[in-house]
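Chemist: Just passing along the structure, written as structure tokens.
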Amino acid sequence: MIFYFFRQVLLAIPALLGVLIITFLLMRAVPGDVVTQLVGIDGNVSVERMEEMRRMFGLDLPVHQQLAQWIGAALQGDLGSSLRTNRPILQDLALRFPVTLELTILSLIVALLIAIPLGVLAALHRGKFLDSLISSFALLGLSIPGFFLGILLILLFSLRLGLLPPAGYVPLQESIVENLRHMILPSVSLGLVLSAAITRIVRSSMLEILGRDYVRTARAKGLREEKLVRKYPVKIALNPLISNLGLLVYGIVAQQGLIGIVLGLPTLGPLLLNSLLAQDMILAGTILLIYATLIWISTLVSDVLLAWFDPRIRFEGSAG
């Protein structure tokens, strides 16, 4: 198991480097650069001054040299400064990464609390009204973007009922209660959308397990349906859900940008969107690397949990 863990860590290194290389290449393929964004299309800046600014930012160097310099500095703990604001990147990360991590965890908890019971109920009542109702909910959740759902929740719970703040963020260390009040709407917005996909996964897995021979044998022996679910299928049916943990975290990360903008939440998402629009390669590459690392960590956690649930996977991972 230890060997399997270290092997996964080593395999992640080239994958994360690939994310950086692709990001830099794609951003360089876009016409213009951060200097063009700073001075504007109709800016009264001479060509000589713009070239001087490019040399100052290191943009006159070939892409591979820019990338090598950034990676070398990052390995020494220096992430550099934003090309657009000249503010240290580490300062922005220290402010926004805890919010991003908290939103990811809370959204995942909300999604699991909603989706697992609904998926189990849909499987136990296959073909009945409750199954159709839950399937309709899942289809609706897959069709509604998270940011649009966030707007609807603001209109209902903030503007009409006045129960929750419409935007903003309070750090956890200042007030736990106020922090949770500000995090409810964004977490529920992302969690509800994510729960739709999880519900379908849990339902399909439960139906597959409930149709196996040993479950039918237990049912034929008179084992009650509720006890049957607790004893046999749920733990095994969760395996596909655990194996898709990385994709679920990716779903949260992909929607954080618009959710952060709509609900005024200082996550990394809005910062990434701004850096991409400004063609700030250093800042955008750093944020994408953090997102890729979060997805990789969640995938690794899912592998460990699968190995804990199923000894056969543990043996195969250790032997590999």
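Chemist: Output the residues belonging to the range 285-301 that are open to solvent by less than 30 Å² (accessible area, probe 1.4 Å) and either of a type in the set (Ser, Thr, Tyr) or more than 25 Å from residue 9 (Cβ to Cβ) (or both).
Modeler: Of everything in the range 285-301, those that are open to solvent by less than 30 Å² (accessible area, probe 1.4 Å) and either of a type in the set (Ser, Thr, Tyr) or more than 25 Å from residue 9 (Cβ to Cβ) (or both) turn out to be 286, 291, 298.
Chemist: Please work out if residue 202 is of a type in the set (A, V, I, L, M), at pLDDT below 85 and part of a helix (DSSP H, G or I).
Modeler: Considered against the rule, which asks whether it is of a type in the set (A, V, I, L, M), at pLDDT below 85 and part of a helix (DSSP H, G or I), residue 202 comes out as yes.
Chemist: Within the group 107, 136, which residue is modelled with pLDDT of 85 or more, surrounded by fewer than 14 Cβ atoms within 10 Å (Cβ to Cβ) and assigned to a helix (DSSP H, G or I)?
Modeler: After applying the criteria, what remains is 136.
Chemist: Let me ask something else about it. For the range 83-98, give me the residue count where each residue is modelled with pLDDT of 75 or more and touching a helix residue (DSSP H, G or I) at 6+ places or on another chain (Cβ under 8 Å).
Modeler: So the count comes out to 5.
Chemist: Here is a list: 268, 192, 185. Which entry is at pLDDT 75 or above, open to solvent by less than 10 Å² (accessible area, probe 1.4 Å), within 19 Å of residue 144 (Cβ to Cβ) and not small (Gly, Ala, Ser)?
Modeler: That would be 185, the only listed residue that is at pLDDT 75 or above, open to solvent by less than 10 Å² (accessible area, probe 1.4 Å), within 19 Å of residue 144 (Cβ to Cβ) and not small (Gly, Ala, Ser).
Chemist: So which residues in the range 82-100 are touching a residue at least 12 places away in the same chain (Cβ under 8 Å) and either part of a helix (DSSP H, G or I) or touching a His at 6+ places or on another chain (Cβ under 6 Å) (or both), if there are any at all? Spell out the reasoning first.
Modeler: Narrowing the range 82-100 to residues touching a residue at least 12 places away in the same chain (Cβ under 8 Å): 82-84, 89, 92-93, 95-100.
Those that are touching a residue at least 12 places away in the same chain (Cβ under 8 Å) and either part of a helix (DSSP H, G or I) or touching a His at 6+ places or on another chain (Cβ under 6 Å) (or both): 89, 92, 93, 95, 96, 97, 98, 99, 100.
Chemist: Would you confirm whether any residue within the range 209-218 is crowded, with 17+ Cβ neighbours inside 10 Å, part of a helix (DSSP H, G or I) and either on the phi > 0 side of the Ramachandran plot or at pLDDT 70 or above (or both)?
Modeler: Within the range 209-218 (the criterion being crowded, with 17+ Cβ neighbours inside 10 Å, part of a helix (DSSP H, G or I) and either on the phi > 0 side of the Ramachandran plot or at pLDDT 70 or above (or both)), the answer is yes, since at least one residue qualifies.
The values are calculated or read from the model by the stated rules, or taken from the named source; none is laboratory data. Here the structure is a predicted model, which means the values were calculated and not measured. Here Cβ is always computed from backbone atoms with ideal geometry, including for glycine, and neighbour counts include all displayed protein chains. To get the accessible areas, we keep the full protein, side chains included, count just its heavy atoms, and leave off ligands, DNA and RNA. Shrake-Rupley method; radii C 1.70, N 1.55, O 1.52, S 1.80 Å.
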